[in-house]
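As structure tokens, the structure follows; a few thoughts come after it.
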């Protein structure tokens, strides 16, 4: 493959199936930035996100032969990345028992009040700070669009567990947003 960047996606996929490094490089260059953003949502740190990205692309190149061209290639890669993150946290849970936070319940149930004033980077940082289970369910449901049934199947939990973790994640996020607003307001008052 002389100039892989000039080839169509079909030819690049075929090149990857044939283990052509030039094709793999172009695929990586085209999709790495978007997939890194996906990995950042699931990884607790930038280093974990980088590891997820690299592991995910290894899986992409190993299983590209199974891409059926029934949907978008980018969507297929995104699914590989999400599944890689899920596997990573399943393995981590086996190695180390995680302790989840129990948030204070908000009796009013207001979730959206502070989101309008929150920068995207701040929101992503708050999501990254969620306990692993909450973060996985929140990302899968709110960002990736999985149903609670799909989340339950992928994570090996019940649908009720998925709904509960999503609800708790929202409460933790809302409490964190409220704290940031209180701090900002206190600074403004001084």
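The values are calculated or read from the model by the stated rules, or taken from the named source; none is laboratory data. Everything numeric in this text was worked out from a predicted model, so none of it was measured. As a convention, Cβ positions derive from the backbone with ideal geometry for all residues, glycine included, and neighbour counts pool all protein chains shown.
For (1) more than 12 Å from the chain's Cα centre (by Cα); (2) crowded, with 20+ Cβ neighbours inside 10 Å; (3) assigned to a helix (DSSP H, G or I), each residue gets a yes or a no:
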{"residue": "41", "(1), (2), (3)": "no, yes, yes"}
{"residue": "48", "(1), (2), (3)": "no, no, yes"}
{"residue": "51", "(1), (2), (3)": "yes, no, yes"}
{"residue": "70", "(1), (2), (3)": "yes, no, no"}
{"residue": "78", "(1), (2), (3)": "no, no, yes"}
{"residue": "83", "(1), (2), (3)": "no, no, yes"}
{"residue": "91", "(1), (2), (3)": "yes, no, yes"}
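So that you can scan it fast, the table gives a plain yes or no per residue for (1) assigned by TED's automatic domain parsing to the domain that holds residue 41; (2) assigned to a helix (DSSP H, G or I); (3) at pLDDT below 85:
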| position | (1), (2), (3) |
| --- | --- |
| 142 | no, yes, no |
| 157 | no, no, no |
| 160 | no, yes, no |
| 168 | no, yes, no |
| 171 | no, yes, no |
| 184 | no, yes, yes |
| 188 | no, yes, yes |
Checking 106, 132, 116, 122 in turn, the sole residue that is within 16 Å of residue 42 (Cα to Cα) and modelled with pLDDT under 85 turns out to be 122
Residue hits (segment 144-155; in a helix (DSSP H, G or I) and either touching a residue at least 60 places away in the same chain (Cβ under 8 Å) or on the phi > 0 side of the Ramachandran plot (or both)) are 154, 155
Per the filter on segment 53-66, residues within 11 Å of residue 84 (Cα to Cα) and buried (at least 20 other Cβ atoms within 10 Å of the Cβ) are 53, 56, 57, 60
